[in-house]
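Peer 1: One structure coming up, written as structure tokens, with questions to follow.
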Amino acid sequence: MSSSKPYQQPADDDDSEPEMIAEDDVQEVVDDMDGDEDVPMDSDDEEQGEELVLENDGIAYFDQHKDSVFAIAQHPVYPHLIATGGSEGDADDAPGKGYVIDISAASSKPVLPPSYNSDPSSAGAWQPTELQPLFAIDGHTDSINALTFTLPRGDFLVSGGMDGRLRVYAVGVPSTGTGAQFKYVGESQETEEVNWVSPCPSAAHPNTIALGASDGSVWVFTIDPAADPSNPIQIVQSYFLHTESCTAGAWSSDGLLLATVSEDSSLHVFDVFGEAAAKNLVTDNGQTVVSLADADQRFFVEGGLYSVAISPSGGLVAVGGAQGAIRVVGLPRLSAQPASRTTQRAVPVQRGPAGRRAAPSNSSNAQSDPSAGAGVVLAALNVQSDGIESLSFSPQQPLLAAGSVDGSIAIFDAARSFQVRKHIRGAHEGESVVKVDFVRAATGATAGWLLTSCGLDGVVRRWDMRGATATQEAVAAGLTAGLIKEWKGHRGGGEGGGVLGFVQGADGERVVTAGDDSVVLVFEA
């Protein structure tokens, strides 16, 4: 790898985190990072200019971005196809730029001889694969900050930018899975700035996506060039209930409901295709099944909401916001699904505003009534001390993970009224946790327990949430709360450093990162 190879910078520890929950309520609280004592600075001239040792655990890299990589997406059928997006430079008028790369060209790292471990620059040492772009995503006049492939088959690649543009490309992949082709379809611009783009998982509504905008609006589009070649990007719905920037959105697993949050601290769960209206389950506005805002002080989070996730069963929505606040709210069930372990023992701690239905005391009625618990605040959590950047429900266990700006990860047990199962305070060395995501297709004893995280410290980590047993490398890193793997290679600890996102496929075997240092890395589990 050339001199542009990313490197690791140490991050300062932050030991000022206050205790946010009584110890009696916590099943397991692990303080992973011991506070380091201050060390006097050595003024000897010989210490000046000490060589910085580069460290890269990646098996492949892509370094043709000229500035931060803000967005990353993975094809749902061909996971070796990765789209990345960012800025073409750090100037105010720099255009957005994106690429599609094929990570199947990355070779697994061989077992290295002892000589490599002692001297990585030795002749003949293994080097990571340099990846080349298959396709360049152009046409944005400002940074690309949102990317997705449509569901269920990835027929289209969609890019969203800070210029408000939504650009669509048709994806053609031969039956061999190689030699993918991309063709520009069209663009739409309904807002000044796109914040996020999310694909609808409903097979009944293929190639449908939602976006949230900086003006608070929410838009749903269906992409269908065959239906109308002159208008391939068709507006399905548009919503204007948020009064400030719409910061995050998530679809229910059946693709019928869309939950969005905003800096105005509101949550709206939209009945996109009218399924709830047909069952008389919408609120008075006729658009949502749940709407909660600052008028309900029991739900209100001062400082805004910035993350959202819906449980696999569709019965719960979790939102995260400023000052470590998390609220868990009940949702109506629109499709026939068995009761999930995630909701079996969740007990409402607060009642929603007037007009919301309270959860009935009879559990059998709750299972038969699709409206049971809709809009009820089931839990109000404040374990972490700073904003909640990311939320993830386990696909197979009753767990909710939250990543915070304070550098910690909290795991809540949904089967026990969202008690804290684990609080990893030093998960990313005092730097903000950017994303947490459970491995969806883990099998056997680890099914539903494996969690991947990334942060502004420039490190990606894999955790086993079953217990606190750590590997030797975890102990060496000072982390003992179930860390089983960590990958380094990005700069961290400041502007121009950190991991801004990742994708890991269904099995988590390869993790691909978007770096604030303008580099994309491929790591192997």
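The values are calculated or read from the model by the stated rules, or taken from the named source; none is laboratory data. Quantities reported herein were computed from a predicted structural model and do not represent experimental measurements. Here Cβ is always computed from backbone atoms with ideal geometry, including for glycine, and neighbour counts include all displayed protein chains. Ligands, DNA and RNA are stripped out before the accessible areas are found, and what is left, the full protein with its side chains, is counted by its heavy atoms. Shrake-Rupley method; radii C 1.70, N 1.55, O 1.52, S 1.80 Å.
Peer 1: Order 318-329, 445-456, 100-111 from most to least packed using the mean count of other Cβ atoms within 10 Å.
Peer 2: Result, highest mean Cβ count within 10 Å first: 318-329, 445-456, 100-111.
Peer 1: Moving to a separate point now. Using a 1.4 Å probe on the protein heavy atoms, what percent of the accessible area of region 125-177 belongs to carbon and sulfur?
Peer 2: 49
Peer 1: What residues qualify as long-range amide H neighbours of K435, i.e. H under 5 Å apart, gap of 5 or more or another chain, H built at 1.01 Å from N?
Peer 2: When sequence neighbours closer than 5 places are left aside, the close amide H contacts are C454.
Peer 1: Let me ask you something else. Could you tell me the center-to-center distance, by alpha carbons, between region 211-286 and region 149-190 in angstrom?
Peer 2: First find each Cα centre; the distance between them is then 20 Å.
Peer 1: With respect to the cross-link table entries K435/K488; K97/K183; K279/K435; K109/K485; K435/K485, which display a Cα-Cα separation exceeding 24 Å?
Peer 2: The answer is K279/K435.
Peer 1: What share of all Cα pairs of region 223-262, in percent, falls into each consecutive 10 Å distance bin?
Peer 2: Taking every Cα pair in region 223-262, the percentages come to 23, 36, 33, 8.
Peer 1: Find how many whole Å separate the alpha carbon centroid of region 418-463 from the alpha carbon centroid of region 384-410.
Peer 2: So the two Cα centres are separated by 8 Å.
Peer 1: Assuming 0.36 nm per residue, please report the length gained on full extension of the stretch E187 to I484 beyond their Cα-Cα distance.
Peer 2: Here the answer is 102.6 nm.
Peer 1: Continuing with this model, one more query. Sorted by accessible area with a 1.4 angstrom probe, largest first, how do R165, R462 fall?
Peer 2: My answer, sorted largest first, is R165, R462.
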